[in-house]
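Before any comments, here is the structure.
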Amino acid sequence: QVQLVEFGGGLVQAGGSLRLSCAASGRTFSSSTMGWFRQAPGKEREFVAAISWSTYYADSVKGRFTISRDNVRNTVYLQMNSLKPEDTAVYYCAANRGYTGSYYHAPEYDYWGQGTQVTVSS
């Protein structure tokens, strides 16, 4: 059974940093596209970042967030710096069974974590 479990959410002041982790089990994702999405209250789930052979970012986080992966640990990370109140959301890790070029499109992903809350205070 495939599971994605996120860690690292919490409460931080504006300008601060957090690092989210997503640990995968049940299969390896070293050759798969993996992504981070977020959903704020009353809003639709939106793309944040993805990693496959390259890395991709939403314009709103470019230059502040960094996605990376550790294939030995089967884990994906999201380093979030210079956090803003508008970054407040539940953050979800997602994985595709293989590679997808539509990394920004949530339905492309086959597996999802349960989400972790990130709250940025002003």
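Among the candidates SER60, SER68, SER82, single out the residue that is over 16 Å from GLY115 (Cα atoms), at pLDDT 95 or above and touching a Lys or Arg at 6+ places or on another chain (Cβ under 8 Å).
SER82
Taking the condition of being more than 22 Å from GLN39 (Cβ to Cβ), in a strand (DSSP E or B) and open to solvent by 40 Å² or more (accessible area, probe 1.4 Å), how many residues in region 68-93 meet it?
The qualifying residues number 2.
Quick one: in region 16-46, which of the residues that are touching a residue at least 60 places away in the same chain (Cβ under 8 Å) and more than 16 Å from the chain's Cα centre (by Cα) is farthest from ARG73 (Cα to Cα)?
GLY16
So which strands (runs of 3 or more DSSP E) are wholly in region 1-50 and hold at least 3 residues that are open to solvent by less than 30 Å² (accessible area, probe 1.4 Å) and not β-branched (Val, Ile, Thr)?
Those strands (runs of 3 or more DSSP E) span 18-25, 34-39.
Mind counting the residues in region 94-122 that are aliphatic (A, V, I, L, M) and part of a helix (DSSP H, G or I)?
Residues meeting the conditions: 1.
The values are calculated or read from the model by the stated rules, or taken from the named source; none is laboratory data. Everything numeric here is computed off the predicted structure, so don't read it as measured data. All Cβ positions, even for glycine, are placed from backbone atoms using ideal geometry, and neighbour counts span all protein chains on display. Side chains included, ligands, DNA and RNA excluded: accessible areas come from the protein's heavy atoms. Shrake-Rupley method; radii C 1.70, N 1.55, O 1.52, S 1.80 Å.
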